Amino acid sequence: MDWYDISAPLVNGMPVWPGDTPYQFGLQWTKDECGSVNVGRLTLSTHTGTHIDAPYHFDEAGNKTQQLDLSVYMGPARVIYLPDCARIGKAELSAHDLRGVERLLIRTDAWQEKETFPHVIPHVSPDAALYLKEWGVRLLGVDVPSVDPIDSKELEAHHALNQQGIHILEGIVLSHVPEGDYELIALPLPIVDGDASPVRAVLRVK
């Protein structure tokens, strides 16, 4: 296999953040009706499925989606496996060699029932942000919907990571991906004034 697709499929009825916009795709025009083409229509939140968070999502003064540095979202990446963990902090990360890692993707396998939105997830501890910065990490990806606890209002991990210049990729699908080094492509859409963007995230085997 040359590529791993690590994007969540977008399908009607998929789970979304409680209270957020449901995902919906349908045909606005059909070839049968208009005689020439099928044309679809999407309704979705910017945090649907696999997505990146722009700092503006949690900081009024933060960069918006179209202002993000695209180089962060493509390049060498490392996948590490942290099963059975309630939190992802310095202690958990220190068991792994992060030398030279700019993009770190964490597989936890914690979100098994993809048909329902999880109530509890492994979350990133704020102390992880400085530790990752010291190793030169520029992007952190997780296989759960958020780097913070689902019920968090303070979003401490979001803020801590942003303060260290670390970008956030959430909702990646890594259950089929072995630990190791890859090339990541997970480019956000140029949504003007956007707070986030769905992405098609893929890993190329090095």
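Just so it is clear, none of the values below were taken in a lab; they were calculated from the coordinates. Note that the structure is predicted; figures quoted are calculated from it, not measured. We place every Cβ from the backbone using ideal geometry, glycine too, and count neighbours over all the protein chains shown.
Determine the sum of side-chain charges near Arg87: Lys and Arg each +1, Asp and Glu each -1, restricted to other residues whose C-beta is under 14 angstrom from that of Arg87.
Cβ neighbours under 14 Å give a net charge of -4.
Amide H neighbours of Val124 under 5 Å, counting only residues 5+ apart in sequence or on other chains, H built in-plane at 1.01 Å?
Ile88, Asp148
In which sequence would Glu92, Glu183, Glu33 go, from the one with the fewest C-beta neighbours within 10 Å to the one with the most?
Least crowded to most crowded, the residues run Glu33, Glu183, Glu92.
Kirkwood Rh and Cα-based Rg: tell me the resulting Rg over Rh for region 6-121, rounded to two decimals.
Expressed as Rg/Rh, it is 1.05.
How about region 92-184: which trypsin sites (Lys or Arg not before Pro) there are in a DSSP loop, with at most 15 other Cβ atoms within 10 Å of their Cβ?
Here the trypsin sites (Lys or Arg not before Pro) that fit, given the DSSP loop and packing criteria, are Arg99, Lys114, Lys153.
Measure off 7 Å from each Cα along the Cα-to-Cβ vector at Trp3 and Asp84, then give the distance between these two points in nanometres to one decimal.
Placing both labels 7 Å along Cα→Cβ, they lie 3.6 nm apart.
Under 20 Å Cα-Cα from Lys114, which aspartates and glutamates qualify once same-chain neighbours fewer than 8 residues away are excluded?
Straight-distance partners of Lys114: Asp5, Asp20, Asp84, Asp143, Asp148, Asp151, Glu170.
Run the dipole for region 1-104 about the Cα centre, Lys and Arg Cβ at +1, Asp and Glu Cβ at -1, nothing else charged, and hand back the magnitude in debye, nearest 20.
Taking the Cα centre of region 1-104 as origin, the dipole is about 80 debye.
Test of understanding: extend the Cα→C-beta vector of Arg41 to 7 Å, then name every residue of region 179-204 with backbone N under 20 Å from that spot.
none
When we measure straight from the Cα of Lys133, which lysines land under 18 angstrom away, once same-chain ones fewer than 8 places off are left out?
Lys90
For the chain, build the charge dipole from Cβ charges (+1 Lys, Arg; -1 Asp, Glu) around the Cα centre, then report which of Ala91, Val39, Leu155 sits farthest towards its positive end.
Of Ala91, Val39, Leu155, it is Val39.
Amide H of Trp29 versus every other amide H placed in the peptide plane: which residues, excluding those fewer than 5 positions away on the same chain, fall under 5 Å?
Result for Trp29 returns Val39.
Can you give me the Rg/Rh ratio for the chain, using Cα atoms for both radii and the Kirkwood formula for Rh?
Taking Rg over the Kirkwood Rh, I get 0.99.
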